[in-house]
Amino acid sequence: MMPHPLSPKLRQHKLSGMALTLDVRAAQAIERQLTPTEFLALLLDDELERRSQQRLTRHLKLSGCDPHKTLAHFNFAEASGVNRTTLQDLASCAFIMRHENILLCGPTGVGKSHLANELAIEALKRGLRVLSRPTQRLLADLHAARASGTYARLLTRTLTADLLILDDFGLQPLSPQAVHDLYDIISQRYEHGSLIITSNRAFEEWAAVFANDLLASAALDRLTHHCHMLIIRGESYRQRSRRKEVSGNPPVLPIDTLSQS
């Protein structure tokens with residue numbers, strides 16, 4: 001089949017979304033007797049969709065989020081304390097527009113990181129800038145960036161993201177420098193950008209992470225001023241999965257028993 005005469009011109013102008021669907025849309029235009037304007041509108045929609053998907057893919061890669069952990073995979077039945085209506089409201093990302101925070105507390109393996117990732121994916125779909133990192137890793141990266149000369153760039157990206165996710169807050173002790181960096185992030189993002197923080201620690205224990213009463217009080221005051229606090233209860237999904245795997249396997253017989261059968 002000869003290529004459509006418009007194809008090279010579309011590719012020349014980097015309109016590959018239109019070029020890819022040109023033959024299909026041309027056939028549809030003939031079949032449905034579309035006007036030139038309707039035909040062009042379909043092609044433009046294809047181009048916009050391609051660019052939107054490319055942008056999402058690029059931003060997803062930069063964000064550090066897991067594309068496979070979406071709201072469709074969240075198990076409400078096994079995550080006590082998560083209200084479906086509340087989560088659907090948060091998934092609209094209106095809280096980001098209001099520069100509000102989300103604090104997620106609960107034991108290991110109940111889905112805190114999964115839930116934070118899901119909300120981040122929803123933000124990315126809406127064209128918002130997202131940065132997701134384990135708390136310890138981001139602070140370590142900031143420390144290393146001072147030596148490499150990239151500190152200003154990384155700090156700017158951390159502060160200007162529409163949504164910043166700090167995962168596993170309080171999991172490991174923080175150095176005095178890391179404590180000050182964490183406080184600066186919280187302070188400078190206050191009422192300018194949203195934070196989602198996940199932690200295995202009860203909220204009452206968060207102040208101890210700072211090992212500095214003054215910084216802890218100031219940081220937590222800002223974190224909780226405009227915030228949604230979700231406390232997830234339940235059993236670790238990893239342990240549930242492990243038990244299912246064990247129960248689904250036949251018992252392992254001793255070697256001497258096998259030799260007698």
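List of remarks:
- Stretching H180 away from T160 to a fully extended chain increases their span by 5.4 nm, per 0.36 nm per residue minus the current alpha-carbon distance.
- Under Karplus coefficients 6.51, -1.76 and 1.60, residue-wise ³J(HN,Hα) of region 106-117 in Hz, glycine/proline x: x, x, 4, x, 9, x, 5, 5, 4, 5, 4, 5
- Assigned charges on the beta-carbon of Lys, Arg, Asp, Glu; region 71-236 dipole about Cα centre (debye): 480
- Relative exposure of T224, T156, judged by other C-beta atoms within 10 Å (fewest first): T156, T224
- Around the amide H of N101, modelled in the peptide plane, lie the amide H atoms of L195, H226, C227, H228, all under 5 Å away and 5 or more residues distant in sequence or on another chain.
- Were the residues from I30 through T108 laid out at 0.36 nm apart, the gain over their Cα-Cα distance would be 22.2 nm.
- Difference of contour (0.36 nm per residue) and Cα-Cα distance, H99 to M229: 45.3 nm
- The HN-Hα couplings worked out from phi for region 159-169 by the Karplus form 6.51 cos²θ - 1.76 cosθ + 1.60 (θ = phi - 60°) are 7, 9, 4, 5, 9, 10, 10, 10, 8, 6, 5 Hz, whole numbers, x standing for Gly and Pro.
Values in this text are rule-based calculations from the coordinates and carry no lab data. Just so it is clear, the model here is predicted, and its values are computed rather than measured. Cβ sites come from the backbone with ideal geometry, for glycine too, and all protein chains shown count toward neighbours.
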